[in-house]
Every structure is written in structure tokens, then in C-alpha cells.
Amino acid sequence: MSGSFDTLYRQSIADREGFWGKAAEAIDWHRKWDRVLDDSNPPFYRWFAGAELNTAHNCLDRHVAAGRGDQVAVIHDSPVTQTIARITYREMTDRVARFAGALAKLGVTKGDRVIIYMPMVPEALVAMLACARLGAIHSVVFGGFAAKELATRVDDCKPKVIVSASCGIEVSRVVPYKPLLDAAIEMAAHKPAHCVILQRPMEQARLISGRDLEWSEAEAGVVPHPCVPVAATDPLYILYTSGTTGQPKGVVRDNGGHAVALNWTMRHIYDMQPGEVYWSASDVGWVVGHSYIVYAPLLHGSTTIVYEGKPVGTPDAGAFWRVIAEHKVRVLFTAPTAFRAIKRDDPNGEHIGKYDISSLRALFLAGERSDPATLEWAEAKLKVPVIDHWWQTETGWAIAANCLGIEKLPVKHGSPTRAAPGWDVQVLGDDGHPAKPGEIGNIVCKLPLPPGAFPTLWNAEERYRKSYMTTFPGYYQTADAGFLDEDGYVYIMARTDDIINVAGHRLSTGGMEEVLASHPDVAECAVIGAHDELKGQVPLGFLVLKAGVDKPAEKVVAEVVQLVRDKIGPVAAFKSATVVARLPKTRSGKILRGTMQKIADGKEYNMPATIDDPAILGEIEGALRGIGFARKE
Ligand code: COA
Ligand code: AMP
């Protein structure tokens, strides 16, 4: 197959319409497209304009019709409840059609929004696919977000119905969801007409009469709903992701391009055949969960695993190997942080030997930079290719990857390999000049982006244009900095904005600063991402108190830690802050966050030429040492 990657890649860029038009033949359409790519209104490109399809039909019904009805579609493996459930394509189709009927009875129709705030249970997938079946637009909110974050999303996308559950389970801790949901609706200006609540045995949620229904009650007496054809360009979902402020960006995914691209990736990137078992150990609340727990495996006719557990602690560092052995997983996809957790608890990989993991053909990592030590450990212990691939909520699938289903290219540690077909990745200097190989700059993708990438932001076309398409006209600005080497391998070095990556989760330090600044004793603040052995980065806060505040510093710190947990959620993992007399700034008043980050990580730094008062850096270092940071290796 030597050279086949180059050939396919070149085709994908030189003849986009031919390439994706061919890939689209694998999808069932109610109506064929007028044009594969409508490029009449850049930067708003539209794939498969004029076509109609239904994504749920393509994920479920068509596989039943093709004889896969008895194949397992979804395995729910839940060490936290000690249950394993297997749902066939036929059962899943029936459950989705029934729940679509329930939503329709509550008034949900094509184009309406439905928020899904659920733990890792199959009903989360049922709810997502039921929306798709109706042509309604789902917006899944990760369970680790607090009520205020949920309220922000409620007000932005104005759901007619919210689907939730009585609780999630974090290892052994039952996390009630309903009080958070009630608080969010209380806070939001927009009120959903109904909430459908899945009552789980560990926690009985109190329902608000007239508004809330139990799942079973919502389904009582309903007629299964048929698939509603939608335009290929209609939104399938909105997924909020961190922006530079507390107002998240509503990334929109369409139906047609998404189905074509995701189905294509299963064979070409992950080398999966229909009928095999694919496991993405993520959460349905993240883009990885949308694309690779739900849509891609089901579009492709694979079996997908919904895992309600952790890499360690449920019950031990052998958790992943048990799942692989038990369900004969062919491909595992997770974040490097999960492997760091396993390696920390089981450095010699002793648990691996207890299981037969011979079904595993490849491990794919994404969500954050793969540190070479973790990658090498995984390669040595698993003895399968370990493939780092790079992507973003906005792109929906890998921008750069080693496409195992086309041709395995040599692995270079530290690089997610080359731009995947469809992605014209380039590096530009701040002034827009093309960077030379090895020269670090802004990583951009030449427009149009391939199908599956976000066509816009929900109700925020101008923000879409400004945030992504304006700095380098004709290109999508990824907000990642890095370089390409002589062989075209991509290297991702850092974000160019204030986004940090905590345990593979994308968080905005700007959003956290807004929370800290809302504390009555805080005059000024800054949040940076400090290096963390397990999570990659953790947020770290600096607080300057208002004059006259005589509360002990530890008390203010404890209060702001709680405030971030209450307003953003436990997922922010905001546990460390320090009170300082003043923040280091440039003469024009810009806070020197980058320098503070270097100090926190114990790295060498150059004194910024524009610094107003160099003495402050010593004060910062002293404060950081007091809380266990700024230690030199
Ligand atoms: N509902 C409620 N709370 C949640 C939650 C959910 N769905 N998910 C996480 N939380 C809580 C955790 O319990 C934790 O709370 P704590 O502060 O009381 O301990 C907090 O949010 C932080 O969670 P996390 O950063 O995930 O840390 P962790 O210690 O629970 O687990 C890892 C660390 C590395 C094991 C875990 O993050 C992991 O498995 N990550 C890899 C897979 C992944 O999800 N990648 C994302 C995209 S690919
Ligand atoms: P998210 O939108 O949550 O998927 O986060 C996307 C960001 O995570 C990217 O912009 C990168 O900064 C980072 N990221 C994702 N995958 C990788 C990877 N393989 N290598 C380095 N960084 C990555």
C-alpha cells in the first residue's frame, strides 16, 4: 500500500467534490445533493447542499434493514453499578423510535432544541438519536458542569425539553443531577416546557409536577416515531465549548457532511470493519464522545461501548484491560491523561498480564499533547500501534492522524503524523507569511474545511467569522501553535489563546478569572495553566485582595475554590490559588501570564523587556513555592 496515503491525500485536496461525493455513496439519502460543495458564500461553506437524509436512520434503521438487527450496537459497561448491558441494533432502533415518539408528544419537532444532561448510560445515546430521528437539535452538556454553566447553555439554545437523570456515579460517589438541573432552570431566563428524568435506582429525583416526567411516563402509550428527513445542511447538534470568555461557543454540526465524514473515518483512520468493537473511553458530553461513542461507530455498523467508569479506581488500574478482554475491543481511543493515571498506579503494567487483550489492534490518543514517556509506555506494554491524533470540538474529527486504514506511516513521537485527507494544514507567522519547515507559527487550515467540520456557531455567525476566519483570510485559525517538519508531520506545541487542557478537557482561564473577580474580596486576579503530572495542566489562580480586607488569605482561597466549583463545576479541577500583593504587568498594563506560567512550572524565563516592575516576579515565585509550585526539577 506504499504511497497510497499520498495519492488519497492529494485527491482529497485537488478534487474535494469528487473525493467526498464518492465517500457519500456509503450513506442513505432521501434526496441526492444539488452540489457536493456549495462555496457561494465563504467562509460559510455548505456540504451536500440540496440533499436530504436522516442521521438516526443511517445509524440504526439502515443496519437493521441490511441484516445487522441482531448485532450488538451498544454495550453499556458500568463498573460503578456492576452491570453490563448489550443492546442490539434492532432494540436500539426500537428504543430510539419510542423515545422520539415521547419527545414528539411533548411538542418537539424539527429544528427544536433539546438539552441532554446525562451520565454515561445508554439512554443518553437514545435521547441523542431520538432528537436526530425527529430532526430536532440536541445539545449535550457534560455532567461535571455546574448549574450556572448549564443555565448559560439553556439561555443560549433555548431548549423545548431537557432530558436528564436522577444521578451520575463518580467511582462510588452518587452525584445527584436533579438539584443542579432545577437550579439551572431557576437561574435561566428561558424555561423549557418539560424535563424528562431517568430515575436510577441509586437516587430518586423529586419531580416538579406539570413540568417534569419520568422517562417511563414520557414513553407511556406513545407511537414509535418514523425518521424525519432533514436537509444535509440542517444542524444535528450544538456542542458548547470553552471560548475566551465565560460565554461558551455553540459549535454547530450539520447532518450530511457529518455522516459522510464520520463514516469515512471509521475505515480509513481507525481501520475498522462493520461488526467489530470500537471503544472510545470518553464521555458523551465531549466531542470525542459525540463522534466516537455515538455517531461514527453506529454510522459504520460497529459495536460501541458506553463505559461508566474510570481508568483507575473502578476497581483498579486493570479496568481498561478488563473491558478490552471482555468485549473483544479492536480499537481503543482515549486521552493520554487516562494512560498517565494507569501508569502511575501500575508502572510495570502488571494488570495487563491478567487479561487477554489480543483483540486490540491499535490505541488512539487525542485531546491533549501525548507526552513521549506515556506513549512509549503504552507501546511497550500493549504491543500495538499507539497513534496520537489531533483534533478539536470545532473540527469534529481528526485534522492530523496516522490513517491506519489507508497506510500506516512511520510514527514520530511528539507528532500526530500528517494532515488527514480533506485537511490542508499550513503554518503561518503572525504577519501571515508561510512558515518554513520547523518554524513555529499559527496552525491554520485552508478553507473550505472538509465535511464534518463546524459550518457555523449557534446564533453567532459574526463570532464564527471573527474568532476563526478573520485573522488569516481564507484560512481557519485553529488557535494551536506548532510547526510542520520536512516530511509534513504536524507538531502541536501550545494554544495561542487562554484555553488550557485539564485531563483532556478544554477549559477557559478567562472564564475562571470572571468567577474569581466576582468574589467580593478580590480586586484583581489571573488564572494560568500549570503543569501537572497526571492531568497535563491544572488551573492556578492569583488573587490580589481589595484594600482593607482582613480575612486570612487561606479563607479567601478556600472560598474562591468553592466558587469555581459552584459556578463552573468540579470538571474545572480548580484547587490551587495564592494571594499576592500585586500581579506582574507590562508597562501598558497587560498581565504577564506566560511568565507566571513558566515560574509556576519551575522553568527558565527571560525577563520581559516591557515589564513594569521586575521585583514582582520574585514575589510571585515566593508565593508559588508556598503552595508547592515553582520548584526546579
Ligand atoms: N459528573 C460529575 N462530576 C464529574 C464528572 C461527571 N460526569 N466527571 C468528572 N467529574 C468530577 C470528578 O469526580 C472530579 O471531582 P473531584 O474534584 O471531587 O475529585 C472532578 O470532576 C475532576 O474530574 P477529572 O479531571 O476527570 O478528574 P478525576 O480525578 O475524576 O479523573 C482521570 C482523572 C485522568 C482518570 C479522568 O479525567 C479521565 O479518565 N480522563 C480521560 C478520558 C477523558 O474523559 N477524556 C476527555 C476527552 S477524550
Ligand atoms: P477540544 O476542543 O476539547 O477537543 O480541545 C481541542 C484542543 O486540544 C486542541 O486545540 C489542542 O490544543 C488540544 N489537542 C487535542 N488533541 C491534541 C493532540 N493530539 N496533540 C496536542 N494537542 C491536542
Please indicate, with yes or no, whether at least one residue in the stretch 86-104 is touching a strand residue (DSSP E or B) at 6+ places or on another chain (Cβ under 6 Å), open to solvent by 30 Å² or more (accessible area, probe 1.4 Å) and farther than 14 Å from V196 by Cα. yes
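Going through A165, A136, A188, A151 one at a time, which residue ends up being touching a Ser or Thr at 6+ places or on another chain (Cβ under 9 Å), farther than 23 Å from P226 by Cα, away from ligand 2 (no atom under 16 Å from the Cβ) and free of Cβ contacts under 8 Å to residues at least 60 places away in the same chain? Steps first, answer last, please.
On the way: A165 fails: touching a Ser or Thr at 6+ places or on another chain (Cβ under 9 Å); A136 fails: farther than 23 Å from P226 by Cα; A151 fails: touching a Ser or Thr at 6+ places or on another chain (Cβ under 9 Å).
Exactly one residue qualifies, and that residue is A188.
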Taking the condition of being open to solvent by less than 20 Å² (accessible area, probe 1.4 Å) and not aliphatic (A, V, I, L, M), how many residues in the stretch 394-441 meet it? 15
Criterion violated by G628 - all others in (1) small (G, A, S); (2) open to solvent by 10 Å² or more (accessible area, probe 1.4 Å); (3) not in a loop (DSSP other than H, G, I, E, B) satisfied: (3)
If I filter the stretch 439-455 for residues that are among the acidic types (D, E) and within 24 Å of Y45 (Cα to Cα), do I get at least one hit? no
Read through the list (1) within 11 Å of ligand 1 (Cβ to nearest atom); (2) open to solvent by less than 20 Å² (accessible area, probe 1.4 Å); (3) polar (S, T, N, Q), then give the number of the only condition that Q537 fails. (2)
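Being open to solvent by less than 20 Å² (accessible area, probe 1.4 Å), within 16 Å of ligand 1 (Cβ to nearest atom) and among the hydrophobic types (A, V, I, L, M, F, W, C) narrows it down to one residue among L507, L516; which is it? Spell out how you get there, then give the answer.
Working: L516 fails: within 16 Å of ligand 1 (Cβ to nearest atom).
On inspection, the qualifying residue turns out to be L507.
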Residues being within 16 Å of ligand 2 (Cβ to nearest atom), open to solvent by less than 10 Å² (accessible area, probe 1.4 Å) and within 20 Å of H327 (Cα to Cα) - total across the stretch 265-288: 3
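Among the residues of the stretch 412-419, is any touching a residue at least 12 places away in the same chain (Cβ under 8 Å), among the small types (G, A, S) and within 12 Å of ligand 2 (Cβ to nearest atom)?
Of the residues in the stretch 412-419, the ones touching a residue at least 12 places away in the same chain (Cβ under 8 Å) are 412-419.
Now drop any that are not among the small types (G, A, S), which leaves 414-415, 419.
Filter once more, keeping what is within 12 Å of ligand 2 (Cβ to nearest atom): 414-415.
Within the stretch 412-419, one or more residues are touching a residue at least 12 places away in the same chain (Cβ under 8 Å), among the small types (G, A, S) and within 12 Å of ligand 2 (Cβ to nearest atom).
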Restrict the check to the stretch 11-25 and report whether at least one residue is under 28 Å from the mean Cα position of the chain (by Cα), not in a helix (DSSP H, G or I) and not acidic (D, E). no
When the residues of the stretch 472-497 are filtered to those that are open to solvent by 50 Å² or more (accessible area, probe 1.4 Å) and either among the aromatic types (F, W, Y) or closer than 23 Å to L409 by Cα (or both), which remaining residue is farthest from ligand 1 (Cβ to nearest atom)? E486
Looking at the stretch 228-245, which of the residues that are open to solvent by 30 Å² or more (accessible area, probe 1.4 Å) and either assigned to a loop (DSSP other than H, G, I, E, B) or among the charged types (D, E, K, R) (or both) is nearest to K148 (Cα to Cα)? T245
For S291, the lone unmet condition from (1) within 16 Å of ligand 2 (Cβ to nearest atom); (2) open to solvent by 10 Å² or more (accessible area, probe 1.4 Å) is (2)
If you check V96 against the conditions, is it touching a residue at least 24 places away in the same chain (Cβ under 8 Å), in contact with a Leu (Cβ under 7 Å, 6 or more places away or on another chain), hydrophobic (A, V, I, L, M, F, W, C) and more than 12 Å from ligand 1 (Cβ to nearest atom)? yes
Counting only residues in the stretch 321-340 that are among the hydrophobic types (A, V, I, L, M, F, W, C) and within 10 Å of ligand 1 (Cβ to nearest atom), the one nearest to N501 (Cα to Cα) is identified as A335
Please specify each residue of the stretch 139-197 satisfying the condition of being within 11 Å of ligand 1 (Cβ to nearest atom), open to solvent by 40 Å² or more (accessible area, probe 1.4 Å) and among the small types (G, A, S). S172
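Looking at D566, is it open to solvent by 30 Å² or more (accessible area, probe 1.4 Å), farther than 16 Å from A517 by Cβ and either more than 16 Å from ligand 1 (Cβ to nearest atom) or assigned by TED's automatic domain parsing to the domain that holds P608 (or both)?
Against the criterion (open to solvent by 30 Å² or more (accessible area, probe 1.4 Å), farther than 16 Å from A517 by Cβ and either more than 16 Å from ligand 1 (Cβ to nearest atom) or assigned by TED's automatic domain parsing to the domain that holds P608 (or both)), D566 does not qualify.
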Looking at (1) of a type outside the set (A, V, I, L, M, F, W, C); (2) touching a residue at least 24 places away in the same chain (Cβ under 8 Å); (3) at positive phi, which is the only condition Q82 fails? (2)
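Run down V556, V580, V527 and say which single residue is touching a strand residue (DSSP E or B) at 6+ places or on another chain (Cβ under 9 Å), over 20 Å from P608 (Cβ atoms) and surrounded by 19 or more Cβ atoms within 10 Å (Cβ to Cβ).
When all the criteria are applied, what remains is V556.
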Restricted to the stretch 33-51, and to residues that are without any contact (Cβ under 8 Å) to a residue 24 or more places away in the chain and exposed (fewer than 13 other Cβ atoms within 10 Å of the Cβ), which residue is nearest to A259 (Cα to Cα)? D34
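The values are calculated or read from the model by the stated rules, or taken from the named source; none is laboratory data. None of these values were measured; they are calculated from a predicted model. Heads up, the Cβs are rebuilt from the backbone with ideal geometry, glycines too, and the neighbour counts pull from every protein chain shown. SASA here: full protein model, heavy atoms, side chains in, ligands and nucleic acids out. Shrake-Rupley method; radii C 1.70, N 1.55, O 1.52, S 1.80 Å.
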